[in-house]
Amino acid sequence: MAKKMNKLPGVLSFQRCLVVTDGLFYNELDNGDLSPLWVVRHGIRGTQNINKASKEGQAASASAKREEVTNIQTTDSAKLDAKASALQVRFNLRGMDVKKALFACAPGQTDSIDDLNAFKSDLAAFVERAQSSDALVDLACRYVRNIANGRFLWRNRTVASAVTVSVALPNGQEKIFDALAMPFNSFENVSADERAVAEVLAQGWKGDRATELRVTARVDFGVGGAVEVFPSQNYLENKARGFARPLYCVGGSPDGQDQHSVRIMGQAALRDQKIGNALRTIDTWYPDYADRRVPLPVEPNGASLDAQEFFRNKGAESGFKLMLRVGELDPMTPEGLFLLACIIRGGVFSGSE
């Protein structure tokens, strides 16, 4: 019989069970060829637009000194080639055996070895129940919905006039989805093509290594030519005065250009972390979903960057609390599916001393 744990082990962490690459950006040229889409660093002269009250209560722009009106910046931009007709974003992914998710599990200073061994046994039994049921396929259908609807494209999807997502399966088949026609905030009515992709992903979570999925999104902005696109942005602490934003890219800049020139920084890309966050935006089991109707990324405390709020830290619904009950949970229940998704997400669950 499963033992109810009072606290999690002092050392407890899981590795991610979804292997995702960066999403590289390409120009789809008018003749059908592809070329890398570059991030370019350059200077711009803009205007100051800061909403702050002046001493007299006037708008800031009304009382700004002349030298404060101009806003000189160094920034990164990513734009389609002048001869491009569309953007392509490409990444690969596969599921990793959930039995290998447990990365570290060791006792803290006050932990009982018997309790630790009981927890490991309960966790292994939970994973075994998940792999022998339909739980992993059900989860995979949710992940695949976020592939099919192009959620991983973020702002690029918002401004697109048409998006086609194709998924190449290991057996040579290809499934094609009209992303803007796919449901964005629900996971019901899974299509046959979605299920076919989901079954491959779930097989990876069950231990099959030959389950790579290759995803290609074609994004038509309704305007040909050098349209701005939106790769991931980099966080930069203590950035230099006048430096606006660094964009994520891969590769390096060509030689022979100094820091004051327009420079090619590398190929524009969506960071694997950002793609993973979009794919795991499947949590419709949190208490406020009935009112909000917005799925959350799978996070133990239901953290939402958009809402700047935790939606799972007020009771027994957090991933940490559910982990204490891992021995008694059914993977096919909402609580069990959420905990299983937390394990696939990976992270540190260590209990405090």
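Scanning segment 192-209 for residues that are outside any helix (DSSP H, G or I) and modelled with pLDDT of 95 or more gives 206, 207, 208.
Scanning segment 100-125 for residues that are surrounded by 14 or more Cβ atoms within 10 Å (Cβ to Cβ) and among the acidic types (Asp, Glu) gives 111, 115, 122.
Among the residues in segment 301-319, are any closer than 20 Å to residue 121 by Cα and either part of a loop (DSSP other than H, G, I, E, B) or without any contact (Cβ under 8 Å) to a residue 60 or more places away in the chain (or both)? So far as segment 301-319 goes, yes, one or more of its residues are closer than 20 Å to residue 121 by Cα and either part of a loop (DSSP other than H, G, I, E, B) or without any contact (Cβ under 8 Å) to a residue 60 or more places away in the chain (or both).
Among the residues of segment 174-199, those identified as surrounded by 16 or more Cβ atoms within 10 Å (Cβ to Cβ), of a type outside the set (Gly, Ala, Ser) and in contact (Cβ under 8 Å) with a residue 60 or more places away in the chain are 187, 199. Only residues that are more than 21 Å from residue 6 (Cβ to Cβ), surrounded by fewer than 17 Cβ atoms within 10 Å (Cβ to Cβ) and in contact (Cβ under 8 Å) with a residue 60 or more places away in the chain were counted in segment 320-343, giving 2. From the list 140, 101, 125, the one residue that fits, being more than 30 Å from residue 224 (Cβ to Cβ) and more than 27 Å from the chain's Cα centre (by Cα), is 125.
Of the set (1) over 26 Å from residue 233 (Cβ atoms); (2) modelled with pLDDT of 95 or more; (3) in a helix (DSSP H, G or I), all apply to residue 331 but (3). Within segment 73-113, the set of residues being β-branched (Val, Ile, Thr) and closer than 19 Å to residue 12 by Cα comprises 98, 110, 113.
When segment 210-225 is limited to residues that are assigned to a loop (DSSP other than H, G, I, E, B), of a type outside the set (Val, Ile, Thr) and surrounded by 14 or more Cβ atoms within 10 Å (Cβ to Cβ), the one that is modelled with the lowest pLDDT turns out to be 224. Restricting 283, 272, 306 to those that are modelled with pLDDT of 95 or more and either surrounded by fewer than 17 Cβ atoms within 10 Å (Cβ to Cβ) or over 21 Å from residue 138 (Cβ atoms) (or both) reduces the list to 272.
Is it the case that some residue within segment 14-21 is over 29 Å from residue 207 (Cβ atoms), touching a strand residue (DSSP E or B) at 6+ places or on another chain (Cβ under 6 Å), surrounded by 12 or more Cβ atoms within 10 Å (Cβ to Cβ) and not charged (D, E, K, R)? No: segment 14-21 contains no residue that is over 29 Å from residue 207 (Cβ atoms), touching a strand residue (DSSP E or B) at 6+ places or on another chain (Cβ under 6 Å), surrounded by 12 or more Cβ atoms within 10 Å (Cβ to Cβ) and not charged (D, E, K, R). Residues that are within 14 Å of residue 177 (Cα to Cα) and either surrounded by fewer than 24 Cβ atoms within 10 Å (Cβ to Cβ) or of a type in the set (A, V, I, L, M, F, W, C) (or both) within segment 142-151 comprise 144, 146, 147, 148, 149, 151, listed in sequence order.
Being closer than 30 Å to residue 329 by Cα, modelled with pLDDT of 90 or more and surrounded by 14 or more Cβ atoms within 10 Å (Cβ to Cβ) is a description that does not apply to residue 25. Among the residues of segment 165-183, just one is in a strand (DSSP E or B) and over 24 Å from residue 203 (Cα atoms), namely 178. For the residues 126, 91, the requirement of being over 26 Å from residue 151 (Cβ atoms) and either in contact (Cβ under 8 Å) with a residue 12 or more places away in the chain or out of contact with any Gly (no Cβ under 9 Å at 6 or more places or on another chain) (or both) singles out 126. For segment 30-40, the criterion of being at pLDDT 80 or above, surrounded by 16 or more Cβ atoms within 10 Å (Cβ to Cβ) and within 30 Å of residue 99 (Cα to Cα) is met by none of the residues.
The values are calculated or read from the model by the stated rules, or taken from the named source; none is laboratory data. Given the structure is predicted, the values throughout are model-derived calculations rather than measurements. Note that each Cβ is placed from the backbone with ideal geometry, even for glycine, and that neighbours are counted across all protein chains shown.
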